[in-house]
Amino acid sequence: MKPVSVGICGLGTVGSGTFNILKRNAEKISGRIGREIVVTQVGARRDNPTCDLTGVDVTRDIFDVAKNPAVDVVVELIGGYDVAKELVLTAIEHGKHVVTANKALIAVHGNEIFAAAEKKGVTVAYEAAVAGGIPIIKAIREGLAANDIDHLSGIINGTGNFILTEMSQKGRDFEDVLKEAQELGYAEADPTFDVEGIDAAHKLTILASIAFGVPLQFEKAYTEGISKVTPQDVKFADELGYRIKHLGIAKLTEAGVELRVHPTLIHESQLIAKVDGVMNAVAVHGDGVGDTMYYGPGAGSEPTASAVIADLVDLARTFDADNNARPAHLGFRADSINNIGVLPVEDVETSYYLRLQVQDHTGVMAKLTQILSERDISIEAMIQKEAKGGNSNATVVLLTHEVKEQIMNEAIAAIEALEYVSGSVTRIRAEHSE
Ligand code: HSE
């Protein structure tokens with residue numbers, strides 16, 4: 001059978017990994033498919049010393065690749081929004097399938113890109129966009145296709161998890177760990193995407209769409225980063241038997257879709273609390289299968305390349321088939337996508353960890369608990385630590401049962417207005433069922 005001809009755009013961390021694995025494992029890969037996958041052209045601003053490009057047509061203009069009649073599949077690994085979108089739309093216009101690792105592109109422009117691809121009868125595959133080497137798109141879209149999926153959650157940013165793990169286990173400094181994550185090729189070009197949860201929100205948006213059959217709605221996702229998580233909170237959480245993880249949570253409820261990324265307390269006994277370092281994990285609940293979990297490296301050159309190549313293998317296997325032989329872009333056919341909106345975070349119900357400073361005065365704790373009980377907020381656990389060195393402040397930490405965010409906002413405002421409470425209340429959401 002004629003080989004499938006691939007053009008790779010971008011020869012950075014993931015591009016070089018893709019090129020090198022395709023070369024190293026060429027025999028194994030073609031043995032699995034029954035035809036070869038050949039890299040015909042590479043478009044990159046500069047060569048990568050880790051790649052032997054002998055015999056490959058190299059161009060400095062990535063649009064040459066998108067228009068090259070000799071290329072069947074364009075692999076977009078340049079990242080970013082605008083140029084990547086133009087590149088992918090150009091490739092589609094020229095009748096080529098596309099494989100991309102670009103979660104920002106899919107989360108923000110996916111609806112438009114998929115519509116263009118469907119019109120042209122080609123496929124845009126994006127396994128590598130979510131959770132690096134974990135085949136989570138395939139697991140949800142194909143492996144769990146029998147199920148009504150109502151809930152998923154995960155650690156879906158390797159850099160953020162690496163930072164939180166190193167801070168918690170080795171007491172390392174935030175900036176120092178971030179620098180190491182950049183050197184290891186985990187972090188985004190703009191690392192605030194990792195640290196502030198934007199990258200995780202991109203991935204969560206994609207997962208929610210394919211799990212629930214709803215449109216991509218990145219702009220409505222609630223996003224909160226890890227930059228304000230302090231070593232003190234990590235320590236208190238630990239004392240309560242919890243870990244703080246940067247979690248993406250998506251739930252399908254009667255009122256709408258919950259789509260939120262934020263630091264989250266998770267009980268240490270739960271599997272996801274044990275996911276450390278650059279590893280990612282995604283838990284998915286389906287009505288038939290029950291609880292499932294998928295674990296693996298969420299970032300890095302070859303783990304992400306492994307997912308890129310899985311898409312190339314799928315395309316090569318079905319290369320001579322009609323586009324309908326491949327899974328729909330969002331798991332559901334376009335006419336079965338339900339236009340369900342995203343629930344505002346104020347309407348989400350969750351538990352809370354609260355930390356505040358109180359002055360040592362009679363009745364202050366009574367007033368605090370009164371504010372909570374008036375709003376039907378029940379306390380699950382509490383720690384009070386007297387300040388050292390004779391000052392009259394104490395730190396109070398509370399863990400509450402579930403309450404609507406709006407009610408908790410009102411309670412926090414009332415607590416902050418109390419005479420003997422100093423400064424603001426630190427709040428971290430907690431989940432009991434992840
Ligand atoms: N910056 C991302 C992460 C890379 O750290 O998870 C993989 O998407």
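Where a number appears in this text, it was derived from the coordinates with a stated rule and is not lab data. Only a predicted model underlies this, so the values are computations on that prediction, with no experimental measurement involved. Neighbour counts are summed over all protein chains in view; Cβ atoms, including those assigned to glycine, are modelled from backbone coordinates with ideal geometry.
Please order PHE19, PHE174 by the number of other Cβ within 10 Å, starting at the fewest.
The order, fewest Cβ neighbours first, is PHE174, PHE19.
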In the range 217-290, if the dipole is taken from +1 on Lys/Arg beta carbons and -1 on Asp/Glu beta carbons about the Cα centre, which of THR230, ILE249, PHE218 is farthest to the positive end? THR230
Multiply the residue gap between ASP190 and ASP320 by 0.36 nm, knock off their C-alpha separation, and tell me the result in nm, one decimal place. 42.9 nm
Gyration tensor on Cα atoms of the range 239-344, a ≥ b ≥ c root eigenvalues, a/c under 1.5 rounded, else prolate if a/b beats b/c, else oblate, says oblate
ALA430 long-range amide H proximity, modeled H, under 5 Å: LEU265, SER351, TYR352, TYR353
Taking Cα atoms, how many degrees apart are the long axis of helix 82-93 and the longest axis of the chain, rounded to 10 and kept between 0 and 90? 40
Mind listing the phi-derived Karplus ³J(HN,Hα) values for the range 400-406, rounded to whole Hz, using 6.51, -1.76 and 1.60 with θ = phi - 60°, and x for any glycine or proline? 9, 7, 5, 8, 5, 3, 4
Amide H contacts under 5 Å for VAL39, placed H, 5+ residues apart: VAL6
Each label point is 7 Å from the Cα along the Cα-to-Cβ direction; what then is the distance between the points at SER336 and ASP276, in nm? 4.2
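In deg cm²/dmol, rounded to 500, what helix-only [θ] at 222 nm does the chain give when every DSSP H run of at least 4 residues adds -39500 (n - 2.57) and the total is split over its residues? Each step should come with its number before you reach the end.
Details: 13 runs with 147 residues, N = 434.
Dividing the helical sum by the residues of the chain leaves -10500 deg cm²/dmol.
Among ASP335, ASP233, ASP47, ASP287, which comes first, second and so on when ranked by fewest other beta-carbon atoms within 10 Å? Could you put the intermediate results ahead of the total?
On the way: ASP335 6, ASP233 18, ASP47 13, ASP287 10.
Fewest-to-most ranking of ASP335, ASP233, ASP47, ASP287: ASP335, ASP287, ASP47, ASP233.
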Starting at the first residue of the range 296-312, write each ³J(HN,Hα) from the Karplus equation 6.51 cos²θ - 1.76 cosθ + 1.60 with θ = phi - 60°, in whole Hz, x for Gly and Pro. x, x, x, 7, x, 4, 6, x, 6, 4, 4, 6, 4, 6, 4, 5, 4
Plugging the Cβ-Cβ distance of ASP61 and ASP347 into 1/(1 + (r/R0)^6) at R0 = 45 Å yields, to the nearest 0.05, a FRET efficiency of 0.40
Net length gained if the chain between LYS23 and ASP52 were fully extended (0.36 nm per residue, minus Cα distance): 9.5 nm
Which value, in debye to the nearest 20, gives the size of the charge dipole of the range 346-431 about its Cα centre, when Lys and Arg are +1 and Asp and Glu are -1 at the Cβ? 440
Most exposed first by the Cβ proxy, i.e. fewest other Cβ within 10 Å, how do LYS170, LYS179 rank? LYS170, LYS179
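By the scheme Lys and Arg +1, Asp and Glu -1, what is the net charge of all other residues having a beta-carbon under 14 Å from that of ALA221? Show your work: numbers first, answer last.
On the way: positive: LYS103, LYS203, LYS220, LYS251, ARG260; negative: GLU196, ASP199, GLU219, GLU224, GLU258.
Charge balance in the 14 Å sphere: 0.
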Using each residue's phi in the range 135-149, evaluate 6.51 cos²θ - 1.76 cosθ + 1.60 at θ = phi - 60° and report the 3J(HN,Hα) Karplus result to the nearest Hz, with x for Gly and Pro. x, 6, 5, 5, 4, 6, 6, 10, x, 10, 4, 6, 9, 8, 8
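Using r as the Cβ-Cβ distance of ALA116 and GLU268, and R0 as 41 Å, what FRET efficiency do you calculate, to the nearest 0.05?
Working: r = 47 Å, r/R0 = 1.13.
E(calc), rounded to 0.05, equals 0.30.
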Using 7 Å Cα-to-Cβ label points, what is the HIS432/TYR81 separation (nm, one decimal)? 4.0
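Taking a ≥ b ≥ c as the square roots of the eigenvalues of the Cα gyration tensor of the range 291-351, is the shape rounded (a/c under 1.5), prolate (a/b larger than b/c) or oblate? Show your work: numbers first, answer last.
On the way: a/c = 3.23, a/b = 1.36, b/c = 2.38.
The shape class here is oblate.
List the chymotrypsin sites (Phe, Trp or Tyr not before Pro) within the range 34-130 that fall in a DSSP loop (any state other than H, G, I, E or B) and whose Cβ has at most 16 other Cβ atoms within 10 Å. Let's see the in-between values first.
Values: sites: PHE63, TYR81, PHE114, TYR126; in loops: TYR81, TYR126.
Hits after loop and neighbour filter: TYR81.
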At 0.36 nm per residue, minus the direct Cα-Cα distance, what do ASN393 and ASN409 gain on full extension? Give it in nm, one decimal, please. 3.4 nm
Check: the chain dipole with +1 on Lys, Arg Cβ and -1 on Asp, Glu Cβ, in debye: 940
